[in-house]
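The structure appears below as structure tokens.
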Amino acid sequence: MTVITQPSCADERPARPARAVLRDSLTVGVGVGVSGVAFGAAGAGAHLTVAQTCALSLLVFTGAGQFALVAALAAGAAPVAAVAGALFLGIRNAFYGMRLAERLCLPVALRPLAAQLVSDETAAVALAQPDRRAARLGFTATGISLFALWNLSTLLGALGADAVGDPARYGLDAAGPAVFLALLAPRLRDPRERRVAVIAVLLALAGTPLLPTGVPVLLALTAVPLAALPLADLAGRGRSGR
């Protein structure tokens, strides 16, 4: 008989200095946060007001979903369709939240606030830590710095859209992915992890010219079950004709 118990939330012995966790957290928070300038400019390009653009960063706070929304609006999509696409892309944050809830074990009163800070970056930093205290510190420091700078830079980008011009010229559109890849690369040590990464990249590249913005990222999630397939057994079956 299997007994299901709640995960223990007892404090763990710190395995990493707080200074190192803060250094990594602020590097991610600042590096990605300043790229909010690109979103501010994109919002202005989609004919949103400064208030509307800033409200998206303040209330939605999911970079990829925000960019997908303004890209759809700029392309002439109906607002309902644009919002639906952004919500579909934001589904991944629900999966992050389930994993983080187990890892962080935050008090119930803090969970609604923490939910607003769940993102690719905060999840990556928190889950990369070796103990719960470091995970909580990494999540909090990354989330607060990223939220503050993303909203500030969104305002600056929206106000100065005409002066900034195309954000891609300055590489601001690549800042977020670059930081995320730098954080992810050291974790690809196991052959199965590398297999997942390779399959995910191939799926995303194949889907980009065919699917709406953001959907290739969700398609890449299927790399996890695909990488778990026993490839050697499948190859053997193929040779034997079964």
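Quick check, is VAL83 assigned to a helix (DSSP H, G or I), in contact with a helix residue (DSSP H, G or I) (Cβ under 9 Å, 6 or more places away or on another chain) and open to solvent by 60 Å² or more (accessible area, probe 1.4 Å)?
Working: assigned to a helix (DSSP H, G or I): yes; in contact with a helix residue (DSSP H, G or I) (Cβ under 9 Å, 6 or more places away or on another chain): yes; open to solvent by 60 Å² or more (accessible area, probe 1.4 Å): yes.
Yes.
Select from the range 65-80 the residues that are within 16 Å of HIS47 (Cβ to Cβ) and not hydrophobic (A, V, I, L, M, F, W, C) and write down the one among them that is surrounded by the fewest Cβ atoms within 10 Å (Cβ to Cβ). Step through it out loud before you land on a result.
Just the residues of the range 65-80 that are within 16 Å of HIS47 (Cβ to Cβ), to begin with: 66-67, 69-79.
Restricting the remaining residues to those that are not hydrophobic (A, V, I, L, M, F, W, C) gives 66, 76, 79.
Values: GLN66: 23, GLY76: 7, PRO79: 10.
The residue in question is GLY76.
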Where a residue in the range 75-98 is under 13 Å from ALA115 (Cβ atoms) and free of Cβ contacts under 8 Å to residues at least 60 places away in the same chain and its partner, wherever it lies, is open to solvent by less than 70 Å² (accessible area, probe 1.4 Å) and assigned to a helix (DSSP H, G or I), with Cβ under 6 Å and at least six apart: GLY90/GLY65; TYR96/ALA123
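Quick one: in the range 158-202, which of the residues that are part of a loop (DSSP other than H, G, I, E, B) and open to solvent by 80 Å² or more (accessible area, probe 1.4 Å) is modelled with the highest pLDDT? Talk me through it step by step, then tell me what you get.
To start, the set of residues in the range 158-202 that are part of a loop (DSSP other than H, G, I, E, B) comprises 160, 165-166, 171, 188-190.
Now drop any that are not open to solvent by 80 Å² or more (accessible area, probe 1.4 Å), which leaves 166, 189.
Working: ASP166: 58, ARG189: 73.
Filtering the range 158-202 for residues that are part of a loop (DSSP other than H, G, I, E, B) and open to solvent by 80 Å² or more (accessible area, probe 1.4 Å), the one modelled with the highest pLDDT comes out as ARG189.
Quick one: which of LEU210, LEU205, LEU155 is under 23 Å from ALA82 (Cα atoms), part of a helix (DSSP H, G or I), open to solvent by 70 Å² or more (accessible area, probe 1.4 Å) and modelled with pLDDT of 70 or more? First the steps, then the outcome.
Working: LEU210 fails: part of a helix (DSSP H, G or I); LEU155 fails: open to solvent by 70 Å² or more (accessible area, probe 1.4 Å).
The conditions single out LEU205.
Quick check, is LEU106 more than 16 Å from the chain's Cα centre (by Cα), modelled with pLDDT under 95 and crowded, with 16+ Cβ neighbours inside 10 Å?
Values: more than 16 Å from the chain's Cα centre (by Cα): yes; modelled with pLDDT under 95: yes; crowded, with 16+ Cβ neighbours inside 10 Å: yes.
For LEU106, the condition - more than 16 Å from the chain's Cα centre (by Cα), modelled with pLDDT under 95 and crowded, with 16+ Cβ neighbours inside 10 Å - is met.
Matching residues to (1) at pLDDT below 90; (2) under 16 Å from LEU152 (Cβ atoms):
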site	(1), (2)
MET1	yes, no
CYS9	yes, no
ARG13	yes, no
LEU26	no, yes
VAL34	yes, yes
ALA38	yes, yes
ALA41	yes, yes
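For the range 109-145, how many residues are open to solvent by 60 Å² or more (accessible area, probe 1.4 Å) and either polar (S, T, N, Q) or more than 18 Å from the chain's Cα centre (by Cα) (or both)?
Start the filter on the range 109-145 by keeping residues that are open to solvent by 60 Å² or more (accessible area, probe 1.4 Å), which leaves 109-113, 115-116, 130, 133, 136, 140, 144.
The next check asks that each one be either polar (S, T, N, Q) or more than 18 Å from the chain's Cα centre (by Cα) (or both); those that pass are 109-112, 116, 130, 133, 140.
Counting residues in the range 109-145 that are open to solvent by 60 Å² or more (accessible area, probe 1.4 Å) and either polar (S, T, N, Q) or more than 18 Å from the chain's Cα centre (by Cα) (or both) gives 8.
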Quick check, is ALA55 small (Gly, Ala, Ser), modelled with pLDDT of 85 or more, surrounded by fewer than 21 Cβ atoms within 10 Å (Cβ to Cβ) and in a helix (DSSP H, G or I)? yes
Residue check for VAL60: in contact with a Pro (Cβ under 9 Å, 6 or more places away or on another chain) and modelled with pLDDT of 85 or more: no
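The values are calculated or read from the model by the stated rules, or taken from the named source; none is laboratory data. Predicted model only: the values in this text are computed from it and were never measured. Here Cβ is always computed from backbone atoms with ideal geometry, including for glycine, and neighbour counts include all displayed protein chains. Keep in mind that these areas ignore ligands, DNA and RNA; they rest on the heavy atoms of the full protein, side chains included. Shrake-Rupley method; radii C 1.70, N 1.55, O 1.52, S 1.80 Å.
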